[in-house]
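**Student:** Below are the structure tokens for one structure; questions will follow.
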Ligand SMILES: Nc1ncnc2c1ncn2[C@@H]1O[C@H](COP(=O)(O)OP(=O)(O)OP(=O)(O)O)[C@@H](O)[C@H]1O
Ligand SMILES: [Mg+2]
């Protein structure tokens, strides 16, 4: 079976600094894959490389077997890959409802239509309502996104990401800055919403990672030093030394 | 596109009265357009109404860029002007070939003129938003305005292209000679264009325009190419600017290089911004106000542009949401029933604020007329610009007005804070 995401020998340089070196990553379809690593290891950069936000200096990225490195973000998105951002990245002046609805429009085939009334598209309305319900923001539907609380914005961020119904979902630290209770709620949300999909998640909270992930990759200085099941990662001596070890000190 | 505006039934959670109110507002607007010339039937007011109608279409088209898509253009008059020229050429062609096209169809060709240019130039222009777009629009504006003086066969040089609107085939017995008939033609196109432009905001494209305005980066990750979105918005804006320009051409029976120039581009930016870009009706208010000011001020003072500048700076600094923003600020207070608590502070502020305004006007006019010695007429009171009495009056009004007005503004702010807090507590966003 072809992998959902296949990253092969990707390098990314900013100027003459190599931020990502010889990155290899394979995520199987339907797998929940966590990427962990210390701050500045290049996790978000990896997300940017896969989602087309930045282009690799060399190497290639495949989505469901098709080469996508070099494509623009919206082209990659249309092929069924959707990502969230570590720093909340929503449409601040638009309401919660509009935020989610915009994310539904392309996937429901309405594209750049200027001859349809956006308010009378039943499938758009139903899907938007469903997602608002899923992310528990129905009661805040008419509030401009910029006025939401931090935790609500993080949930909206997830809502926008999954709204298109993409089969490959990438979440960059979805629970960052959340309280313990909020994190638990967000994790169960993620678990439910990505059921049957491929999930790549960057997460610092180890209990979340080990509870959620089928496989884990450890990124250190732009290079994946280990990739395996949670059990394998826990036992891996390189990981202990480079990453988990730090926490034990 | 037109039927698309019909429903407001997005929100199952919204009260049913909203739909009624929505149609009510549009119907009242249309009724006002029909009745206005019957109430104010002098030649002067007909001319004013016609110009206002044209300005509204133009400002609404500009807001497709500025308010809806977040594109700041310094060259929107290019489409307006080209629409005007297209209309004049079309009218002359209709007359010389004897085509059976009556005058009311001409704005369609004007719109196409604006649209075709937008289609050609837009793809490159809208590659980037922000400063890059603004600078290119300025450059294109200058380029077209200067070539209009060079390409004489198309633009008629300094004199422009003249036309005779009454020479076209009659429609329903109307020759469109009398200003009243021209007014109704403009009002008809105003309603049509306003409905179409409103409908556009309610389409998938219109919604994504807003998303591009708010966050062009994120739009790419929900499947949209912001470049395409900006381009389409630019084309629509170009079309309706062309309609506005052709209405002007019909009204004046001429198109010349002034239609295309930087002043015209500046005026539409000015009207749209003053009216308020965040609401659909903002540019309508702005166009009405600016056209009236322009018509009124040019008669009474030679430095009217100075007043425009002061108003513009005032709005940018103190009310960046424009007039519409100021009005809509009050909505949560109305809903929460706390508006009456701020009204008294407004009333108290009127006198010193008017005094301050008079001080500003008197000062400006004194300086402007000092060497010429023309008398100043301020609300029926005559002032001599060379007399110390005038200077003292100006200084007292200016300084005294400012200090007293500042106190009353502070009271407004305090009253506002209290009213808004109550509104928030009652669950209305402020
Ligand atoms: N556009 C850029 N130009 C130059 N350097 C960059 C750029 N983007 C990221 N970097 C650098 O690349 C490194 C990796 O950054 P990245 O954001 O991918 O780390 P991360 O693993 O996501 O860290 P964190 O856990 O803090 O989110 C950092 O040192 C960062 O400064
Ligand atoms: Mg990061």
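**Student:** Given the residues A:199, A:156, A:171, which is the only one that is more than 11 Å from chain B (Cβ to nearest Cβ), assigned to a helix (DSSP H, G or I) and crowded, with 16+ Cβ neighbours inside 10 Å?
**Tutor:** Result of the check over A:199, A:156, A:171: A:156.
**Student:** Scan the stretch A:178-195 for residues that are more than 15 Å from the chain's Cα centre (by Cα) and outside any helix (DSSP H, G or I) and report the count.
**Tutor:** 2
**Student:** Of the residues that make up the stretch B:48-64, is at least one in a helix (DSSP H, G or I), away from chain A (no Cβ under 14 Å) and modelled with pLDDT under 85?
**Tutor:** No, the stretch B:48-64 contains no residue that is in a helix (DSSP H, G or I), away from chain A (no Cβ under 14 Å) and modelled with pLDDT under 85.
**Student:** Separate question: Surrounded by fewer than 24 Cβ atoms within 10 Å (Cβ to Cβ) and within 18 Å of residue B:62 (Cβ to Cβ): which single residue out of B:259, B:184, B:279 fits that description?
**Tutor:** The match here is B:279.
**Student:** Another question, then. Failed condition for residue B:334, given (1) surrounded by 13 or more Cβ atoms within 10 Å (Cβ to Cβ); (2) part of a helix (DSSP H, G or I), with all others met?
**Tutor:** Of (1) surrounded by 13 or more Cβ atoms within 10 Å (Cβ to Cβ); (2) part of a helix (DSSP H, G or I), only one is false for residue B:334: (1).
**Student:** Still on this structure, I have one more. Within the stretch B:13-28, is even one residue in contact with a helix residue (DSSP H, G or I) (Cβ under 9 Å, 6 or more places away or on another chain), modelled with pLDDT of 90 or more and more than 14 Å from every other protein chain (Cβ to nearest Cβ)?
**Tutor:** Yes, that holds for at least one residue.
**Student:** Go through the stretch A:202-247 and report how many residues are more than 16 Å from ligand 1 (Cβ to nearest atom) and either within 14 Å of another protein chain (Cβ to nearest Cβ) or in a helix (DSSP H, G or I) (or both).
**Tutor:** Here the count works out to 15.
**Student:** Give the number of residues within the stretch A:42-85 that are part of a loop (DSSP other than H, G, I, E, B), within 16 Å of ligand 1 (Cβ to nearest atom) and either within 16 Å of residue A:224 (Cβ to Cβ) or at the interface with another protein chain (Cβ under 9 Å from one of its Cβ atoms) (or both).
**Tutor:** Result for the stretch A:42-85: 6.
**Student:** Next question. Within 16 Å of residue A:220 (Cα to Cα), within 16 Å of ligand 2 (Cβ to nearest atom) and surrounded by fewer than 18 Cβ atoms within 10 Å (Cβ to Cβ) - does that describe any residue in the stretch A:82-105?
**Tutor:** no
**Student:** Among the listed residues A:198, A:175, which satisfies the condition of being within 16 Å of ligand 1 (Cβ to nearest atom) and under 14 Å from the mean Cα position of the chain (by Cα)?
**Tutor:** The match here is A:175.
**Student:** Here are some conditions: (1) outside any helix (DSSP H, G or I); (2) crowded, with 20+ Cβ neighbours inside 10 Å; (3) within 15 Å of the chain's Cα centre (by Cα); (4) within 13 Å of chain B (Cβ to nearest Cβ). Residue A:35 meets all but one. Which one does it not meet?
**Tutor:** (4)
**Student:** Search the stretch A:132-153 for residues being part of a helix (DSSP H, G or I) and more than 12 Å from chain B (Cβ to nearest Cβ), and hand back the single one that is farthest from residue A:29 (Cα to Cα).
**Tutor:** A:150
**Student:** Got a sec? Which of B:380, B:427 is loosely packed, with under 15 Cβ neighbours inside 10 Å and within 14 Å of chain A (Cβ to nearest Cβ)?
**Tutor:** Answer to the selection: B:427.
**Student:** Quick one: which helices (runs of 4 or more DSSP H) lie wholly within the stretch B:178-252 and hold at least 3 residues that are more than 10 Å from every other protein chain (Cβ to nearest Cβ) and touching a helix residue (DSSP H, G or I) at 6+ places or on another chain (Cβ under 8 Å)?
**Tutor:** So the answer is B:179-201, B:226-252.
**Student:** Going through the stretch B:386-413 one residue at a time, which ones are surrounded by fewer than 14 Cβ atoms within 10 Å (Cβ to Cβ), in contact with a helix residue (DSSP H, G or I) (Cβ under 8 Å, 6 or more places away or on another chain) and under 16 Å from residue B:341 (Cβ atoms)?
**Tutor:** Of everything in the stretch B:386-413, nothing turns out to be surrounded by fewer than 14 Cβ atoms within 10 Å (Cβ to Cβ), in contact with a helix residue (DSSP H, G or I) (Cβ under 8 Å, 6 or more places away or on another chain) and under 16 Å from residue B:341 (Cβ atoms).
**Student:** Now a separate question. Test of understanding: among A:103, A:107, A:129, which residue is within 10 Å of chain B (Cβ to nearest Cβ), closer than 14 Å to residue A:160 by Cα and in a loop (DSSP other than H, G, I, E, B)?
**Tutor:** Just a single option satisfies the conditions, and that option is A:107.
**Student:** To continue, here is another question. Applying the selection to the stretch A:88-100, what residues are closer than 21 Å to residue A:42 by Cα and either at pLDDT 95 or above or facing another protein chain (nearest Cβ under 9 Å) (or both)?
**Tutor:** Passing the criteria: only A:89.
Every residue, every condition in (1) exposed (fewer than 12 other Cβ atoms within 10 Å of the Cβ); (2) under 18 Å from residue B:197 (Cβ atoms), yes or no:
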site: B:30; (1), (2): no, yes
site: B:39; (1), (2): yes, no
site: B:50; (1), (2): no, no
site: B:58; (1), (2): no, yes
site: B:66; (1), (2): no, yes
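The values are calculated or read from the model by the stated rules, or taken from the named source; none is laboratory data. Keep in mind that this is a model prediction, so the values were computed, not measured. Glycine also receives a Cβ, built like all others from the backbone with ideal geometry; neighbour counts cover every protein chain displayed.
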